[in-house]
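Working notes for the structure below.
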Amino acid sequence: MRTSIGYAHARIGHFSEAEEQLLQALTLLRRLGSEVHEANALIALGVVHEEQDRYGEAKEHLERALHLHKRHHEKAGQAHALENLGWCHAHLGEYPEAVETCSAALKLFQDLNDRDGEADTLDSIGYTYAELGNHEQARTHYESALTLWRAMGNRYDEADVLTRIGDSYAASGDQQAAREAWQQALIIFDELVQPDAQLLRAKLERQQSC
């Protein structure tokens with residue numbers, strides 16, 4: 001129950017409350033010896049710390065979660081732990097580890113036919129390649145994620161990855177392709193009445209003024 005409350009607080013940005021509930025849940029789950037539920041709570045806590053840019057702490061929780069899920073042969077849990085762990089590696093500048101970890105997550109998600117997890121992981125790999133300056137590889141992975149999110153009707157993530165595709169084109173010097181991707185994303189953000197629209201509109205205006 002406290003794990004669910006922690007998730008609820010995290011979804012609305014109440015990270016301190018989420019962390020408090022999840023730490024209480026972990027204490028209880030460890031007392032009960034429920035390792036699979038403990039691993040799930042650790043993943044949730046890792047995500048909360050990721051949202052606060054506390055990647056070192058998140059990494060520790062996710063490594064423990066991965067160990068527990070492996071012990072109990074929980075493939076879905078392993079996949080989610082690996083994907084989030086790869087995201088931590090990328091933000092800590094550990095790029096080879098990020099690609100390796102996310103690639104392992106990707107295979108598990110594909111085996112499980114979990115298209116949402118697959119898309120998230122492709123997006124993470126794309127981000128890692130973008131950070132490495134390999135924008136062609138970044139766009140290959142972003143576009144694969146885009147195809148999946150469009151097929152699932154996930155409009156927000158479709159717009160989000162279109163924004164990153166635009167960023168990648170801009171970093172490669174192709175300003176026209178960047179603008180086209182950003183404009184596609186802006187249409188969706190406007191339709192969804194998302195605050196991201198204003199940030200993207202400002203980016204387009206800055207590009208036009210250059």
Does at least one position in the range 32-42 carry a residue that is over 17 Å from the mean Cα position of the chain (by Cα), buried (at least 21 other Cβ atoms within 10 Å of the Cβ), touching a residue at least 40 places away in the same chain (Cβ under 8 Å) and part of a helix (DSSP H, G or I)? yes
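Residues in the range 86-97: is at least one touching a Cys at 6+ places or on another chain (Cβ under 6 Å), under 30 Å from Gln137 (Cβ atoms) and not hydroxyl-bearing (Ser, Thr, Tyr)?
yes
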So how many residues does the range 172-197 have that are more than 27 Å from Asp116 (Cβ to Cβ) and surrounded by fewer than 15 Cβ atoms within 10 Å (Cβ to Cβ)? 3
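Scan the range 141-164 and give yes if some residue there is farther than 27 Å from Gly117 by Cβ, touching a helix residue (DSSP H, G or I) at 6+ places or on another chain (Cβ under 6 Å) and touching a residue at least 24 places away in the same chain (Cβ under 8 Å), otherwise no.
no
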Do the conditions hold for Glu50, that is, is it more than 24 Å from Ala119 (Cβ to Cβ) and in contact with a His (Cβ under 9 Å, 6 or more places away or on another chain)? no
Across the range 83-100, the tally of residues that are out of contact with any Phe, Trp or Tyr (no Cβ under 9 Å at 6 or more places or on another chain) and either at pLDDT below 95 or assigned to a helix (DSSP H, G or I) (or both) stands at 6
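Across the range 50-65, which residue is surrounded by the most Cβ atoms within 10 Å (Cβ to Cβ) among those that are free of Cβ contacts under 8 Å to residues at least 24 places away in the same chain and either outside the structural domain of Ala98 (by TED's automatic domain parsing) or in a helix (DSSP H, G or I) (or both)? I'd like the intermediate steps shown before the answer.
Here is the first cut: in the range 50-65, the residues free of Cβ contacts under 8 Å to residues at least 24 places away in the same chain are 54, 57, 60-61, 63.
Subsequent filtering for residues that are either outside the structural domain of Ala98 (by TED's automatic domain parsing) or in a helix (DSSP H, G or I) (or both) retains 57, 60-61, 63.
On the way: Glu57: 16, Glu60: 15, His61: 27, Glu63: 15.
Only one residue fits best here, namely His61.
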Let me spell it out: the conditions are (1) out of contact with any Asp or Glu (no Cβ under 7 Å at 6 or more places or on another chain); (2) closer than 28 Å to His73 by Cα; (3) not in a loop (DSSP other than H, G, I, E, B), and Asn113 meets all of them except one. Which number is the exception? (3)
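The values are calculated or read from the model by the stated rules, or taken from the named source; none is laboratory data. Source: prediction; values computed, not measured. FYI the Cβ positions are ideal-geometry reconstructions off the backbone, even for glycines, and counts take in every protein chain you see.
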